[in-house]
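Below you'll find the structure, written out as structure tokens, and then a few comments.
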Amino acid sequence: MKRGCCNGECTEDLTDINNKSSAYLSSCNKLDEHDWLRDIPESGRETDIVEIRFKNTRKAFFKNVNELRLKRGDLVAVEASPGHDIGVVCLTGNLVLLQLKKYGIAENSEEIKKVYRKAKTVDLEKWKEAIVLEEDTMLRSRKIAEQLNLGMKIGDVEYQGDKTKAIFYYIANERVDFRQLIKDLAEAFRIRIEMKQIGARQEAGRIGGIGSCGRELCCATWITNFVSVTTAAARYQEVSLNPQKLAGQCGKLKCCLNYEVSTYIDAQKDFPNRQIQLKLKNATAYFQKADIHRGLYWYSLDKDMAMNLTPVPVERASEIIEMNKQNKFPEMLLEISDLPVEKKHEYNDVIGQDSLTRFEGKKFKKKKKRYRGNKPK
């Protein structure tokens, strides 16, 4: 079996990896990095640090102290505490230096662990056995936590490559005393236990899924740091504050609300205050809604009902506000030059010269059959 990725470059032979563990190796895995420097010759100083990907969203940097010839997609045994772990090389070369700078990690940091060797057949067999145990361990650990009446949910379990340790990812709204849980889990599974609390967004990133846009969840593909999302982002973009539409699969506000909010804020920096009413000679106009990128405010003469809306350019709204400050009141919201001009559009038959009604109103006469020879008696 050959492993392929988006661009078809990864073709390592994975015949000795079962279907379940092959999900760890896919180049289209969660938070996969695109090496955009791979076609550029090495320049500047090289680094012996590589980025290793483990299950789902967990990544770490390791030093290639043994000067192994590592490339993207290689399975390696790395230092762990205790024992060793198995991971996939996802980034090498000078791009790793940029990643270190991005995460604020010093290149000579003592926290960076070592790469031991390329994974051997024995390592892979033990790694496969550990992967198979994960789902059953998660289900059993949930029952143990439920018996202890702990207010927590164990969302995922990740075994270390040598089967000596497992990380239990859990969600909890309050502080949880899981000391007894750790004892019970260690006794049940005979391994070292590490508990790691994650949020709802991180859980959605680990589990994955399809969003309302029809694409894979952003938290499962490329988002590495989760910035808080508030309803102010929806207000800036004139999005309806409907909790069912604004919430993602994690139950929190969608991360994509932050994508374009800076553009909307920048577009509105010169817009007049919406709370200010436009006073005319015989009426008062109240703000109802906005079309930000077209630069339009919609006003109505009725404060409580959005009826007979009039689109007013923001420049005109600012002009009326300045006039009101000088106790001047225009007769109309729009000047004659601002009124929309109706354009008559000529109909062009895009189908052809024939009219669409060419079959209507026409009666077709049936042709009488002509008999050759003698008429039948």
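As a proxy for reagent exposure, His34, His293, His84 were ordered by neighbouring Cβ count within 10 angstrom, fewest first; the result is His293, His34, His84.
What shape does the stretch 227-266 have by the C-alpha gyration tensor, where a ≥ b ≥ c are the square roots of the eigenvalues, rounded means a/c under 1.5, and otherwise prolate means a/b greater than b/c and oblate the rest? Verdict is oblate for the stretch 227-266.
By other beta-carbon atoms within 10 Å, ranking Arg117, Arg175 with the fewest at the front produces Arg175, Arg117.
Shape of the stretch 84-172 from its Cα gyration tensor (a ≥ b ≥ c, root eigenvalues): rounded if a/c is under 1.5, otherwise prolate when a/b > b/c, or oblate?
Judged from the Cα gyration tensor, the stretch 84-172 comes out oblate (a/c at least 1.5, b/c at or above a/b).
The H on the amide N of Lys289, modeled in the peptide plane, is under 5 Å from the matching H of Trp298, each at least 5 residues off or on a different chain. Counting lysine pairs in the stretch 196-300 that sit 8 or more residues apart in sequence, or on different chains, and whose Cα atoms lie under 20 Å apart gives 4.
Laboratory data are not the source of any read-out in this text; all were calculated from the coordinates shown. Since this is a predicted model, take the numbers as computed values, not measurements. We place every Cβ from the backbone using ideal geometry, glycine too, and count neighbours over all the protein chains shown.
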